[in-house]
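Written out below as structure tokens is the structure these notes cover.
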């Protein structure tokens, strides 16, 4: 499965079962988005006491390849750009869809618009 940042944050902060699935793939972009979300929960929303603990858990998932991070190729970037233009979607959302389509995997996300575009693009 390809997991976007919203899915990883949900699994990290609320439902660890989400991250138990084998072969989770994400983009390098999500490392920073996840870290930013943890920071936001601790320092702005104030619903976490120790965000560092969650960063350590996340880092462990990355280090053990439980969550495999990939860098986008030129081809993936081009497909993401076209997909974003076709659907009026930001590139940083489109790239997760393009990756899922490229590897033939499900996209796991909590972003309803992103999920709808994934369904539409999968049917093409």
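Across the stretch 69-93, the number of residues qualifying as loosely packed, with under 12 Cβ neighbours inside 10 Å and within 13 Å of the chain's Cα centre (by Cα) comes to 1. The set of residues from the stretch 28-56 being closer than 23 Å to residue 72 by Cβ and either touching a strand residue (DSSP E or B) at 6+ places or on another chain (Cβ under 6 Å) or not in a helix (DSSP H, G or I) (or both) comprises just one member, 28. Of the numbered criteria (1) over 14 Å from the mean Cα position of the chain (by Cα); (2) closer than 15 Å to residue 24 by Cβ, the one residue 96 fails is (1). Only residues that are crowded, with 19+ Cβ neighbours inside 10 Å and within 9 Å of the chain's Cα centre (by Cα) were counted across the stretch 26-58, and they come to 4. The combined condition, being modelled with pLDDT of 95 or more and in a loop (DSSP other than H, G, I, E, B), is not fulfilled by residue 99. Each residue in the stretch 61-92 was checked for being modelled with pLDDT under 95 and assigned to a helix (DSSP H, G or I), and 1 pass. Could you grab me the full set of residues in the stretch 1-27 that are over 12 Å from residue 110 (Cβ atoms), in contact with a helix residue (DSSP H, G or I) (Cβ under 6 Å, 6 or more places away or on another chain) and in a helix (DSSP H, G or I)? Residues satisfying the conditions are 12, 19. Among the residues of the stretch 103-124, those identified as within 19 Å of residue 76 (Cα to Cα), surrounded by fewer than 16 Cβ atoms within 10 Å (Cβ to Cβ) and in contact (Cβ under 8 Å) with a residue 40 or more places away in the chain are 103, 105, 106. Among the conditions (1) in contact (Cβ under 8 Å) with a residue 24 or more places away in the chain; (2) exposed (fewer than 15 other Cβ atoms within 10 Å of the Cβ); (3) within 16 Å of residue 8 (Cα to Cα), the only one that residue 97 does not satisfy is (2). Just checking, does the stretch 12-22 include any residue being crowded, with 17+ Cβ neighbours inside 10 Å and without any contact (Cβ under 8 Å) to a residue 40 or more places away in the chain? Taking every residue of the stretch 12-22 in turn, none turns out to be crowded, with 17+ Cβ neighbours inside 10 Å and without any contact (Cβ under 8 Å) to a residue 40 or more places away in the chain.
The values are calculated or read from the model by the stated rules, or taken from the named source; none is laboratory data. Keep in mind the model is a prediction, meaning the values are calculated, not measured. Note that each Cβ is placed from the backbone with ideal geometry, even for glycine, and that neighbours are counted across all protein chains shown.
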